[in-house]
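J.: This is the structure I want to talk about, given as structure tokens.
The values are calculated or read from the model by the stated rules, or taken from the named source; none is laboratory data. The structure displayed is predicted, hence computed values, not measured ones. Because the Cβ atoms are built from the backbone with ideal geometry, glycine has one as well, and the counts that use them run over all protein chains shown. The accessibility values were calculated without ligands, DNA or RNA, using every heavy atom of the protein model including side chains. Shrake-Rupley method; radii C 1.70, N 1.55, O 1.52, S 1.80 Å.
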Amino acid sequence: MTASAHRHELYTVDQVRALDRRAIDSLGIPGYELMQRAAAAALVCLRQQWPHARRIAVYCGPGNNGGDGFLVAALAREAGLHADVIALGESQGDDAQRALRECEQGGGTVHPWQGSGELPLADVQVDALFGTGLRRALAPDVAQLVRQIQASGAPILALDVPSGLNADTGEVPGESIRADVTVTFIAAKRGLYTGQAPGFVGRVQLEPLGLPEALWEGFHADAELLQVQTLPPRPRQAHKGNNGHVLAIGGEHGTAGAIRLCGEAALRGGAGLVSVATRGEHLVALNAARPELMAHEVHGPQALAPLLERATVLAIGPGLGQGAWGHALWLTALESALPLVLDADGLNLLAREPRQLAGRAVLTPHPGEAARLLDCDTAAIGADRFAAARALARRYGAIVVLKGAGSLVADPEGRVAVCPWGNPGMASGGMGDLLTGIIAALLAQGCEAWRAACLGVGLHARAGDLAAREGGERGLLASDLLEPLRLLLNGKDA
């Protein structure tokens, strides 16, 4: 096994520091050699991404991230590139100072940043200002430099992490570099994949620097990246009863669309049967639009009871409302003890009346719903999405999908998976209703809750990417994902 086997593992900043220290202290690899390896890997990445670049500008901070930058400039000059270097403050630490000297001895001039002035012309700009240690907003003078770097229009390569981004949480508390590519070293930092980070990291490339497998012995990653998963082929003799019966509950007056999307996603997700419990006014539209859905008028708990008897999995919340009708159905559904997926007003009602769900539920909150469930504000959710997802899973005894860019899946024992797919076009109405139906369908087909959530989140996001590939991100509709979803479920993703 090699370091590449750990590419889907995500680590906290403290864990990566411990790995770095172990490489130095236990494996006998000097810190300066690690810096040299990082610089060499970064230059290879730069030349692969921008093979026609002839001039680069490298912006170096005072720490080891700046040291990486000095060595990138030195190696670039050796390779025949023109490299301008701008230094932010005095280099600190032996390795960073040694890197500065090597950069200068190679014939290069290091220009101190004075807080203003013109930046050098460059085909590519290299961000080596601040690494993983930064947890605060950039100081005003650094923020000004970042704005000027961005305004130049030249592509940006960030070393380890874009300066201004919290590599632990994905939070951006102030200005930050918006990189086209981020080359990150040794191990993948969890904050590069969720929250605000996807808008700043560009494409992330992990470089483990040739470190041996022994480095990871005894280390347990904090989280993992979702990988492409598929369901096994159905047996030839399968019938609809083998694939479960989803009951989707919702659709208060005026919200037929939400429950239809949920139900149709459950059908496209492979459930054998899908029933819908909703208001009577929606039946004609549902039957006309999707006759495969078995739509039922439900006035209250008594009418819901026979539907619950036939169901194997519940999807509760899309268009449910928080009035007397929705609350009564929600309460009856929860008391049925059936496996379920809770979304939208199903979550808002849970926030009003908290209860443990004993591991039989998947909750799919967006940050606003998560804040209500944890009795905090959305800023607290965004400040540490990993902590929020884990807290939700523990509090409610359920699998939790914290939606957003880089959706997280968490279980009550603290396991977390991060979705690397999806696109901004998915920030539109109805996408969450689809996810609820997809996960419910996977539960109905026999997936346990963790696998159903992970597989459902991945399929949903990848279907969004396929749909966006066809017509672009802007104007993407939730229903556009249904056909790509079917293709992905059947292993046809090309």
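So that you can scan it fast, the table gives a plain yes or no per residue for (1) part of a helix (DSSP H, G or I); (2) touching a His at 6+ places or on another chain (Cβ under 9 Å); (3) crowded, with 24+ Cβ neighbours inside 10 Å:
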{"position": "ALA389", "(1), (2), (3)": "yes, no, yes"}
{"position": "ARG395", "(1), (2), (3)": "yes, no, no"}
{"position": "VAL400", "(1), (2), (3)": "no, no, yes"}
{"position": "GLY422", "(1), (2), (3)": "no, yes, yes"}
{"position": "GLY429", "(1), (2), (3)": "no, no, no"}
{"position": "LEU443", "(1), (2), (3)": "yes, no, yes"}
{"position": "ALA452", "(1), (2), (3)": "yes, no, yes"}
{"position": "LEU481", "(1), (2), (3)": "yes, yes, yes"}
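J.: Then there's this: With the checklist (1) touching a residue at least 40 places away in the same chain (Cβ under 8 Å); (2) closer than 17 Å to GLU9 by Cα; (3) hydrophobic (A, V, I, L, M, F, W, C) in hand, flag the one item VAL204 doesn't pass.
T.: All conditions pass for VAL204, except number (1).
J.: How many residues does segment 96-127 contain that are of a type in the set (Asp, Glu) and either over 25 Å from ARG178 (Cα atoms) or touching an Asp or Glu at 6+ places or on another chain (Cβ under 8 Å) (or both)?
T.: Qualifying residue count for the region: 2.
J.: Report, by residue number, each residue of segment 232-251 that is open to solvent by 40 Å² or more (accessible area, probe 1.4 Å) and in contact (Cβ under 8 Å) with a residue 12 or more places away in the chain.
T.: Scanning segment 232-251 gives HIS239, LYS240, GLY241, ASN242.
J.: Further question on the same structure: When the residues of segment 54-67 are narrowed to those that are open to solvent by 10 Å² or more (accessible area, probe 1.4 Å) and not polar (S, T, N, Q), which ends up nearest to PRO120 (Cα to Cα)?
T.: ARG55
J.: Mind counting the residues in segment 182-236 that are at pLDDT below 95, of a type in the set (D, E, K, R) and under 24 Å from MET35 (Cβ atoms)?
T.: The qualifying residues number 2.
J.: A further question on this structure: Give all pairs with beta carbons closer than 6 Å in which a residue from segment 211-226 that is in contact (Cβ under 8 Å) with a residue 40 or more places away in the chain and among the charged types (D, E, K, R) meets a residue that is surrounded by 14 or more Cβ atoms within 10 Å (Cβ to Cβ) and in a loop (DSSP other than H, G, I, E, B); count only pairs at least 6 apart in sequence or on separate chains.
T.: ASP222/THR12; GLU224/HIS8
J.: Take segment 228-261 and flag every residue that is assigned to a helix (DSSP H, G or I) and closer than 14 Å to LEU443 by Cα. Break it down stepwise before answering.
T.: Taking segment 228-261 and keeping what is assigned to a helix (DSSP H, G or I), we get 240-243, 256-261.
Scanning segment 228-261 gives GLY241, ASN242, ASN243.
J.: Being touching a helix residue (DSSP H, G or I) at 6+ places or on another chain (Cβ under 9 Å), basic (Lys, Arg) and over 28 Å from LEU46 (Cβ atoms) is the filter here; which residues of segment 202-237 pass it?
T.: Across segment 202-237, the qualifying residue is only ARG234.
J.: Residues that are surrounded by fewer than 21 Cβ atoms within 10 Å (Cβ to Cβ) and touching a strand residue (DSSP E or B) at 6+ places or on another chain (Cβ under 7 Å): find the strands (runs of 3 or more DSSP E) completely inside segment 72-186 holding 3 or more of those.
T.: 110-112
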